[in-house]
Amino acid sequence: MKPIMLTLFLGAWAASGQNISIEDYEPKSTLVVPQHQVERAKYPFIDVHNHQRGSRPELVDDLVKAMDALNMRIMVNLSGGYGERLKANIAALKRRYPDRFVVFANIDFTSIDEPGYGTRAARQLEQDVGSGAQGLKIFKNFGMDLKDGKGQRIRVDDPRFDPVFEMCARLKIPVLIHTGEPRALFDPMDRYNERWLELKLYPGRGRPPDRYPAFDALMAEQHNLFARHPKTTFIDAHLGWYGNDLGKLGRLLDKLPNVYTEVSAVVEELGRQPRFARQWFERYQDRVMFGKDTWRPAEYRTYFRIFETADEYFEHDRKYHGMWSVYGLDLSEEVLEKLYFRNALRVIPGLSTTGFRTGR
């Protein structure tokens, strides 16, 4: 073959995709099955896991319009802060829409090494609830990155925080807690890791053992915290990172009646096991709430489709969360209502029941 022809051939071969990398590979299924796009939730719902910052009135107006389009009746903003910042966030969201938003407070970690820290933090939380907070959110830095003045990692079950959780029990407010990350992000980045692509594209998401505690150690600390405070209601974020092992999550819920969970950022785990996940939701229907986490309105439709339809083999929104297609669970009306709003109405104090079916 002449050099010029060889060059043209190699160029055409490369252009045909023969030299693409695995990071670029995005196969499109040729499977043709019935499709049911769900633009709006079947019932008004409460999103118990969202993040918003205090905003200008016109931006809050736009937010409420987007919520209405999805049939979201109440949004829980977990990024409330504490003290004056909390007051400002509550005012920004609830001044003109008092029944559409709930704001959770966060822990003040100031002066954590000083004597009496836990009592002071609990007192601050009590003040924040007096200012309008309806729950406490604990972020994932707690247990993984947060350190004391000596540079020692602060465990999830650190007894210094016992007064805070005791205050939550006394005030009857829930604690929505995010501990750790998916197990695969702690595992070696090898050919067996099903989230290899995510770690390749976003290497900063890895949790290597020289910098972080092991996944099972973090979960044990969290579960010990739950058990030590049986009068405190906990909402274990992201299915407790056991969406890939619902049997283990079920055993945790069986053991600890003060623990609930929510589905934010893990629906792709549910969608790859539709039959077992549906059975699991039937059994634990009183313990699971709806959550989304990142405010991306278009992605809610995937959640609705997974929970409300029996569609087969469709794509989810975050390919790096799992290189698989998903299926609908086709939840029953009773389970869907509990997931969307009934459980949250029962667990989070002070929610407005306007717009919800409360007869059953």
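The values are calculated or read from the model by the stated rules, or taken from the named source; none is laboratory data. The structure displayed is predicted, hence computed values, not measured ones. Counting neighbours? That spans all protein chains shown, and the Cβs are built from the backbone with ideal geometry, glycine included.
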Can you name every residue in the range 203-223 that is in contact (Cβ under 8 Å) with a residue 40 or more places away in the chain and assigned to a loop (DSSP other than H, G, I, E, B)?
-> Arg207, Tyr212, Pro213
Is it the case that Thr261 is polar (S, T, N, Q), modelled with pLDDT of 95 or more and more than 19 Å from the chain's Cα centre (by Cα)?
-> no
Expected single match for out of contact with any Ser or Thr (no Cβ under 6 Å at 6 or more places or on another chain), of a type in the set (A, V, I, L, M) and closer than 24 Å to Lys147 by Cβ among Leu201, Leu246, Leu185 is Leu185
Can you work out which of the residues in the range 215-270 that are closer than 20 Å to Ser325 by Cα and among the aromatic types (Phe, Trp, Tyr) is surrounded by the fewest Cβ atoms within 10 Å (Cβ to Cβ)?
-> Tyr242
Failed condition for Asp148, given (1) crowded, with 20+ Cβ neighbours inside 10 Å; (2) over 30 Å from Glu26 (Cβ atoms) = (1)
With the checklist (1) under 15 Å from the mean Cα position of the chain (by Cα); (2) in contact (Cβ under 8 Å) with a residue 60 or more places away in the chain; (3) surrounded by fewer than 21 Cβ atoms within 10 Å (Cβ to Cβ) in hand, flag the one item Ser325 doesn't pass.
-> (1)
Condition test on Asp190, is it without any contact (Cβ under 8 Å) to a residue 40 or more places away in the chain and either surrounded by fewer than 16 Cβ atoms within 10 Å (Cβ to Cβ) or in contact with a helix residue (DSSP H, G or I) (Cβ under 7 Å, 6 or more places away or on another chain) (or both)?
-> yes
Top-ranked residue in the range 154-180 [being in a loop (DSSP other than H, G, I, E, B), hydrophobic (A, V, I, L, M, F, W, C) and out of contact with any Pro (no Cβ under 7 Å at 6 or more places or on another chain); ranked as nearest to Glu262 (Cα to Cα)] | Val156
Residue under evaluation Ser79, criteria (1) closer than 18 Å to Leu351 by Cβ; (2) surrounded by fewer than 20 Cβ atoms within 10 Å (Cβ to Cβ); (3) within 18 Å of the chain's Cα centre (by Cα), criterion not met = (1)
Restricted to the range 101-144, and to residues that are buried (at least 17 other Cβ atoms within 10 Å of the Cβ), part of a loop (DSSP other than H, G, I, E, B) and free of Cβ contacts under 8 Å to residues at least 40 places away in the same chain, which residue is farthest from the chain's Cα centre (by Cα)?
-> Asp108
